[in-house]
Amino acid sequence: MRLNTEFSVCEVSGQSFIVPTGSKLMDVDKMMDLNDTALFIINSLKDKDMSFDELLVAIMDEYEIDMETASKDLGDFIDSARKVGVIIS
């Protein structure tokens, strides 16, 4: 999976968001607020395509959490991000 290049991360008053740019600029309903883990996922996908399993291992290493928790949290975020078009393929 990879990050849609028509979205960009920005920070407002210490809170991170991913917002549409380019042709999706006016689609404000596609904006997402990002917690630390979501921001880590987005930053991981900025430079390369990664599989679910690769992201899962990276999250477990970064946050020292168990596979079950990491898998559920990652799956939930990916589902939400795909619905608004932030993550593709």
ask   = Looking at (1) in a helix (DSSP H, G or I); (2) modelled with pLDDT under 95, can you tell me which one Lys48 breaks?
value = (1)
inquiry  = List pairs: first residue in the range 1-15 and farther than 13 Å from Ser89 by Cβ, second residue among the polar types (S, T, N, Q) anywhere in the structure, Cβ distance under 9 angstrom, at least six positions apart or on different chains.
reply    = Glu6/Thr21; Glu6/Ser23; Phe7/Thr21; Ser8/Thr21; Val9/Ser16; Val9/Asn43; Cys10/Ser16
ask   = Does Ile42 satisfy the criteria of being part of a helix (DSSP H, G or I) and touching a strand residue (DSSP E or B) at 6+ places or on another chain (Cβ under 9 Å)?
value = yes
message = I'm checking my understanding of the structure. Among residues of the range 59-87 that are over 20 Å from Asp33 (Cβ atoms), out of contact with any helix residue (DSSP H, G or I) (no Cβ under 6 Å at 6 or more places or on another chain) and aliphatic (A, V, I, L, M), which one is surrounded by the most Cβ atoms within 10 Å (Cβ to Cβ)?
response = Ile65
note = For the range 62-89, pairs from a residue that is touching a residue at least 24 places away in the same chain (Cβ under 8 Å) and part of a helix (DSSP H, G or I) to a residue that is surrounded by fewer than 15 Cβ atoms within 10 Å (Cβ to Cβ) and among the hydrophobic types (A, V, I, L, M, F, W, C), with Cβ under 6 Å and 6 or more apart or across chains, are none
Thr37 among the β-branched types (Val, Ile, Thr), outside any strand (DSSP E or B) and crowded, with 16+ Cβ neighbours inside 10 Å = yes
query = Do we find a residue being modelled with pLDDT of 90 or more, exposed (fewer than 12 other Cβ atoms within 10 Å of the Cβ), within 25 Å of Glu62 (Cα to Cα) and in contact with a strand residue (DSSP E or B) (Cβ under 7 Å, 6 or more places away or on another chain) anywhere in the range 16-31?
reply = no
task = Identify, by number, the condition in (1) surrounded by 14 or more Cβ atoms within 10 Å (Cβ to Cβ); (2) of a type outside the set (Lys, Arg); (3) within 11 Å of the chain's Cα centre (by Cα); (4) in a helix (DSSP H, G or I) that Val9 doesn't meet.
result = (4)
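The values are calculated or read from the model by the stated rules, or taken from the named source; none is laboratory data. Keep in mind that this is a model prediction, so the values were computed, not measured. Note that each Cβ is placed from the backbone with ideal geometry, even for glycine, and that neighbours are counted across all protein chains shown.
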